[in-house]
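Bear in mind that the values in this text are calculations on the coordinates, not laboratory data. Treat the numbers as computed from the prediction; the structure is a model and nothing was measured. Here the Cβ positions follow ideal geometry from the backbone for every residue, glycine too, while neighbour counts run over all protein chains shown.
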Amino acid sequence: MSFMRNLTLTILLLMSLTEAFAACPPRMRGINLVPLPSGWYNGAVEMQFPTATQIAYYKSVGMNSIRLPIHWEDLQPILGNDLDARFIGHTVDFLDQAHAQGMKVLIDLHNYARYRNQLVGSPAVPASAFRDVWKRLAAALVNHPAVFAYGLMNEPHHTGGLWHTVAQSGVDGIREIDAVRPIYVDGDGWSNSQNWPKENPLPFVNDPSKKIVYEAHIYFDDDFSGRYKTPLGDADVAARATQRLQPFLSWLTTHGQRGAIGETGVPQDDPRWLAALTKFLDMTDAACVDWFMWAGGGWRESYELSLEPINGKDRPQIKLLRSRL
């Protein structure tokens, strides 16, 4: 009798663990590795993609993935025309290096819902153009094993409601080519996590593959910008982290959606900022939410959110992340 009872308890435990795993798939814990200099590619200045050494560094921290921000103008210099072969070549070279080190890559179109400063969904940049670029990009990368997901558009803002309509065109373009990979969808309002329910009251894209991940961004400075221009003062940054992240997490639960934080970071100039990062890590772990730190790549050493090592030594933020990964 005791044996049967123990067996039953074991089976129930295994079922519980299986359900928990199904509800919380392996999470992406990654870095934004940014090709620099940023800006529009005009053939005169070669963008420098992150190196194999930089990929290896973030893998050593314990990260398993990379968010690669690219600009639409670099990718497709003329709207509706072929993708730039040289730029695609650089992208594939980077993906090859990531794959060789076992790192997965999220391709992020980093354009704020604009193309050459014209709003996506406007007559100048119609929804059909957004569908076109994503169809072409998915076709170029669909067979690459390093690509695990597509990031539809970084930080749409001030779109007058257009983003909630035009986003579907990008999803449709991808799904013409790739029915397998997840699509990460930023929200309007700069993807601000605290303001997410106000700016994005309801889920706004449909995916026949059921693999949408809504992506918010969160910074902890006074103006939410990530520039950290104002000294910290006596603010309770752990409480601020909760205040800013919980609205997005609650929205995900209410609407039964998967979520990710595409950007977050704190500066190293005041160790008290690490309390916000610690609270963020606690909450995202508990909520099964992916995250990608901002930022790695060829930044100047003084850039406040660069996570690149200095003289081979980890920055304080990286020391914290190593302890959690």
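Multiplying the residue separation of LEU36 and ASP96 by 0.36 nm and subtracting their alpha-carbon distance yields 19.7 nm.
In terms of other Cβ atoms within 10 Å, ASP314, ASP188 run from fewest to most in the order ASP314, ASP188. Pairs spanning more than 22 Å between alpha-carbon atoms, out of LYS229/LYS313; LYS104/LYS279; LYS279/LYS319; LYS59/LYS313; LYS104/LYS211: LYS229/LYS313; LYS104/LYS279. A simple rule links phi to the HN-Hα coupling: the Karplus curve 6.51 cos²θ - 1.76 cosθ + 1.60 with θ = phi - 60°, which for the range 225-240 gives 7, x, 8, 6, 7, 9, x, 5, x, 9, 5, 8, 6, 5, 5, 5 Hz, with x for Gly and Pro. Among 260-270, 94-104, 284-294, the peptide with the highest mean count of other Cβ atoms within 10 Å heads the list, and the full ranking is 260-270, 284-294, 94-104.
Within the shell of other residues whose beta carbon sits under 9 angstrom from the beta carbon of GLY30, the net charge comes to +2, with Lys and Arg scored +1 and Asp and Glu -1. A cut-off of 5 Å between modelled amide H atoms, ignoring neighbours fewer than 5 places along the same chain, links LYS104 with SER65, ILE66. For the range 57-168, relative contact order (Cα pairs under 8 Å, six or more residues apart, normalised by length) works out to 32 percent. All other residues whose Cβ lies under 10 angstrom from that of LEU152 are scored, Lys and Arg at +1 and Asp and Glu at -1, for a net of -3.
Considering the range 61-135, its Cα convex hull presents a mean projected area of 5.6 nm². The range 127-144 and the range 180-221 have Cα centres spaced 20 Å apart.
Taking every DSSP bridge with both residues inside the range 29-324, close to 10 percent are antiparallel. Remark on ALA113: its backbone amide H falls under 5 Å from those of ASN154, a criterion applied only to residues 5 or more positions apart or on other chains, H modelled at 1.01 Å from N. Within the chain, the proportion of Cα pairs with more than 36 Å between them is 18 percent.
In this structure, the amide hydrogen of ASN192, modeled 1.01 Å from its nitrogen in the peptide plane, lies closer than 5 angstrom to those of HIS217, counting only residues at least 5 positions away or on a different chain. Helical content alone sets the calculated 222 nm signal of the chain at -12500 deg cm²/dmol, taking -39,500 (n - 2.57) per DSSP H segment of four or more residues and averaging over every residue. Taken as Cα centroids, the range 243-315 and the range 81-100 sit 27 Å apart, rounded to the nearest whole angstrom. Calculated on the Cα set of the range 106-239, radius of gyration then Dmax: 16.1, 52 Å.
Net charge dipole, the chain: roughly 760 debye, given to the nearest 20, about the Cα centre with Cβ charges of +1 for Lys and Arg and -1 for Asp and Glu. For the range 77-93, backbone phi angles converted through the Karplus equation (6.51, -1.76, 1.60; θ = phi - 60°) give residue-by-residue couplings of x, 10, 3, x, 8, 4, 5, 5, 4, 5, 5, 4, x, 4, 4, 5, 4 Hz, Gly and Pro being listed as x. Report the one residue of CYS288, ALA238, TYR214 whose Cα lies farthest in the direction of the positive end of the charge dipole of the range 29-324 (charges on C-beta: Lys and Arg +1, Asp and Glu -1; origin at the Cα centre). Farthest along the dipole direction, towards plus: CYS288.
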